[in-house]
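Before any comments, here is the structure.
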Amino acid sequence: MSLVVCHQYDDRLASSLAEGLPSDVSPVALGTTPETAWAIPDNAEVLLINQNSAAIGLHKAMQAPAGWPFNLKWVHLRSTGIDKYPDWIFEVPTVTVNRGGYAVPISEYVLAAMLSFAKHVPAIWAVDQSGWRNHQLADLSGQTLGIVGFGEIGKAIAKRALAFDMTVVGTRRSSGPLDFDGAASVPLEDLLRAADHVVLSAPLTPETRGLIDSAALSLMKPGAHLINVGRGGLLDTEALRTALDNHLGGATLDVTDPEPLPDGHWLFTHSKVRISPHISGSSQQTRQRANEFFRDNLERYRKRRSLQGEVSKDLGY
């Protein structure tokens, strides 16, 4: 009997996903509209949810479709976070995310952000003789990187930072060592005091929302650089403005709260802020890695083995 795998993907993504699927797996295209995406047949065991939530009408307050969870045994999300999904999604016995699937491009983005900050890019590019040689640049070597949320993305960032001879410290939800050679586990307060660059890569949960507030920001050293590649809700935006107007050296934000920011928002024009439109995980290899992650999990599922990236309903990630 074929394993029926439903998906809400467009033709291009569906085509790339189908390459190499076992002959006894039957993919079923549900379409990419709210009217069709939730018409799940009774014989389907697996559902792949479109990451473009707006296309399929999916949002936090969306009501469960009639018949949910049907006969589904496994739902796979191509995202890494689950904060945008309604609770009923997790009524399916197993839900997985693409955990670690974006770690390489995001970690390279973080290194680029730190290098840009330390080397004053793009301000150092000369266009004439005015201001010739008037920039005092810094090294990453010898600086301290603090990683808040030491998961797969945090590990990938740490690996690259260590190659630049940085000191790496991290914190995560569970206590104890980070199980990563070269990086030390420290309390959040100590991390904020010590770091020249602080990276937020934690999931957004009720416990982490607003984690970096005015009190936390006040602990950061003068001139320090804050980078957020996690979720905008980890950071108190108004508290950030106060810190930037006083002691903080700068902020690089790939995520914001709200997202996208409304036109005219102060973050767009603040001289110490750099914003990218939530694309740090983007690369030419992203789709391939995501497909490989799913295919590996599909093989695990067929062999009744535990799946990678399984969501803990209790932890919220």
### Task
Would you mind telling me which numbered condition in (1) assigned to a loop (DSSP other than H, G, I, E, B); (2) within 25 Å of the chain's Cα centre (by Cα); (3) without any contact (Cβ under 8 Å) to a residue 40 or more places away in the chain ARG133 fails?
(2)
#### Entry: Per-region count, the stretch 210-240, residues touching a helix residue (DSSP H, G or I) at 6+ places or on another chain (Cβ under 8 Å), free of Cβ contacts under 8 Å to residues at least 60 places away in the same chain and under 27 Å from GLU108 (Cβ atoms)
8
### Query
How about the stretch 29-60: which of its residues are closer than 23 Å to GLU299 by Cα and assigned to a loop (DSSP other than H, G, I, E, B)?
LEU30, ILE40, PRO41, ASP42, ASN43, ASN50, GLN51
### Query
Restricting to the stretch 10-28, what's the tally of residues that are over 20 Å from GLU299 (Cα atoms) and surrounded by 14 or more Cβ atoms within 10 Å (Cβ to Cβ)?
1
### Message
Looking only at the stretch 136-170, filter to residues that are of a type in the set (Asp, Glu) and over 21 Å from VAL229 (Cβ atoms); which one of those is nearest to the chain's Cα centre (by Cα)?
### Response
ASP165
## Note on the structure
Result of the Cβ filter at 8 Å on the stretch 1-13, keeping first residues that are closer than 10 Å to VAL25 by Cα and partners that are in a strand (DSSP E or B) and hydroxyl-bearing (Ser, Thr, Tyr), at least 6 apart or interchain, is SER2/SER26; LEU3/SER26; VAL4/SER26; VAL5/SER26
### Query
How many residues are in a loop (DSSP other than H, G, I, E, B), in contact with a Leu (Cβ under 6 Å, 6 or more places away or on another chain) and either modelled with pLDDT under 95 or closer than 23 Å to TYR85 by Cβ (or both) if we restrict to the stretch 209-235?
3
### Task
Go through ALA243, ALA290 for me and flag whichever is surrounded by 17 or more Cβ atoms within 10 Å (Cβ to Cβ), in contact with a helix residue (DSSP H, G or I) (Cβ under 8 Å, 6 or more places away or on another chain), outside any loop (DSSP other than H, G, I, E, B) and aliphatic (A, V, I, L, M).
ALA243
#### Entry: Any chance LEU261 is closer than 18 Å to LEU204 by Cβ and without any contact (Cβ under 8 Å) to a residue 24 or more places away in the chain
yes
### Query
Of the residues that make up the stretch 81-95, is at least one charged (D, E, K, R) and more than 22 Å from the chain's Cα centre (by Cα)?
yes
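The values are calculated or read from the model by the stated rules, or taken from the named source; none is laboratory data. Remember, it's a predicted structure, so these values are computed and weren't measured experimentally. Cβ coordinates were reconstructed from backbone atoms using ideal geometry, including for glycine residues, and neighbour counts include every protein chain displayed.
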